[in-house]
Amino acid sequence: MTEQDFILKAYHTNVETGSVKWESPSNIALVKYWGKKKHQIPENPSISFTLSNCKTVTEITYTRKKTKEFSFDIYFEGEKNEAFKPKIQTFFERIEIYMPFLKDYHFKIETSNTFPHSSGIASSASGMSAIALCLMSIEEKLKDNVTSSAVERSGDNTYFNQKASFLARLGSGSACRSIEGELVVWGENESVAASSDLYGVKFEGDVHSNFKNYQDTILLVDKGEKQVSSTVGHQLMYGHPFAKERFSQAHDNLAKLKTILASGDLNEFVKIVESEALTLHAMMMTSMPYFILMKPNTLEIINKIWAYRLKTDSKVCFTLDAGANVHVLYPETETETVLQFIKNELANYCQNAHYICDQIGHGANQL
Ligand code: PMV
């Protein structure tokens, strides 16, 4: 697939109004995306677990209009929200070439998250993927009975998912990994044949039963606004002294992880996942200007996890996204013991002892 394949060429102009609704999950990267080229093209490949409980639910009502500019209102958790507008405006501008009907309609976008607002959990992945999916459903309705190219009419939902992921990427890079589950790869690399820089693809390699229903408990260490946004962080990878090495390491780690996912070797899994998390933050600390998103309690938790692994034969490990919160990953068989450990030893390091239990999921759903 190329960018050209995602341009909608023919569509009906007699659809007056309608509404569509999707729920789309968040995802957590195991091999991290950090650094991008123009048009949200990643500098290195990444792979993520799709989550199950942390989701955004979005309904878009569309009404045909005559004026020739973008027109939309956003309601977040029932309240009209002006703060999200510039991000959506930019998103519409970026994707208009692929969805030429965008200026023909007024869109009422009603959205809410299943996780608490200002929990410090990035909602851009679930939020942008949910909007992209709604827009794809609208595109489907406008395309009904219009003869489209062979790729678009292949009879399965490959095109739908790929274009949804492609559009979500243009909203927020990591959002392209939220359409499907359970593991999604984004970014061209040798180990995953169908991989693309343009969209995420479901990981089709062998996955050992050790990873079935893998658990992710998200420890909310800091619910505040991040001091440095992901956008700025990505930019700081330009001219970063270790960038080249880092990008090539991500390719190696993805290839290694592919083997680990097949063999079920949890000791090796822990090594790659924790190293990726710390490398991401090392890149931040060695950027110019440098910055630190971890908080003292992030490190306390990491040390507790390491101590717990030393004294038990647990395979629990941590990963981090671009923030202070800690994702605690563990096999389903350890759910009871690890949750006890979290309650007894880690919850104290969370703001208001708050954490969210989640697990690997299957991707977005139309409602
Ligand atoms: O999707 P963005 O631009 O917010 O970047 C997020 C990058 C990380 O979450 C830090 C890593 C990843 O691969 O998700």
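The values are calculated or read from the model by the stated rules, or taken from the named source; none is laboratory data. Here the structure is a predicted model, which means the values were calculated and not measured. In this analysis, Cβ positions are derived from the backbone assuming ideal geometry, glycine residues included, and neighbour counts consider all displayed protein chains. Surface accessibility is based on the protein's heavy atoms, side chains included, excluding ligands, DNA and RNA. Shrake-Rupley method; radii C 1.70, N 1.55, O 1.52, S 1.80 Å.
Answer with yes or no whether residue 81 is within 27 Å of residue 215 (Cβ to Cβ) and away from the ligand (no atom under 16 Å from the Cβ). In short, no.
Could you please let me know if residue 41 is of a type in the set (A, V, I, L, M), farther than 25 Å from residue 116 by Cα and assigned by TED's automatic domain parsing to the domain that holds residue 177? Judged against the criteria, residue 41 is a match. Restricting to the range 231-256, give me the number of residues that are closer than 17 Å to residue 46 by Cα, in a helix (DSSP H, G or I) and either touching a helix residue (DSSP H, G or I) at 6+ places or on another chain (Cβ under 8 Å) or not polar (S, T, N, Q) (or both). Matching residues across the range 231-256 total 15. The set of residues from the range 266-281 being away from the ligand (no atom under 16 Å from the Cβ) and touching a residue at least 40 places away in the same chain (Cβ under 8 Å) comprises 266, 267, 269, 270. Evaluated against (1) touching a residue at least 12 places away in the same chain (Cβ under 8 Å); (2) of a type in the set (Gly, Ala, Ser); (3) open to solvent by 30 Å² or more (accessible area, probe 1.4 Å); (4) out of contact with any Asp or Glu (no Cβ under 6 Å at 6 or more places or on another chain), residue 262 falls short on exactly one condition, (4). Of all the listed residues (248, 229, 209), the sole one being farther than 21 Å from residue 276 by Cβ, among the hydroxyl-bearing types (Ser, Thr, Tyr) and open to solvent by 20 Å² or more (accessible area, probe 1.4 Å) is 209. Looking across 36, 21, 65, 55, one residue alone is within 16 Å of the ligand (Cβ to nearest atom) and in contact (Cβ under 8 Å) with a residue 12 or more places away in the chain. It is 36. All of 364, 255, 277, 322 fail the test of being within 22 Å of the chain's Cα centre (by Cα) and at pLDDT below 95, apart from 322. In the set (1) open to solvent by 10 Å² or more (accessible area, probe 1.4 Å); (2) touching a residue at least 24 places away in the same chain (Cβ under 8 Å), the condition left unmet by residue 168 is number (1). All of 41, 60, 88 fail the test of being open to solvent by less than 70 Å² (accessible area, probe 1.4 Å), within 16 Å of the ligand (Cβ to nearest atom), touching a Lys or Arg at 6+ places or on another chain (Cβ under 9 Å) and among the β-branched types (Val, Ile, Thr), apart from 41.
Can you confirm whether residue 5 is out of contact with any helix residue (DSSP H, G or I) (no Cβ under 6 Å at 6 or more places or on another chain), away from the ligand (no atom under 16 Å from the Cβ) and of a type outside the set (Ser, Thr, Tyr)? For residue 5, the condition - out of contact with any helix residue (DSSP H, G or I) (no Cβ under 6 Å at 6 or more places or on another chain), away from the ligand (no atom under 16 Å from the Cβ) and of a type outside the set (Ser, Thr, Tyr) - is not met.
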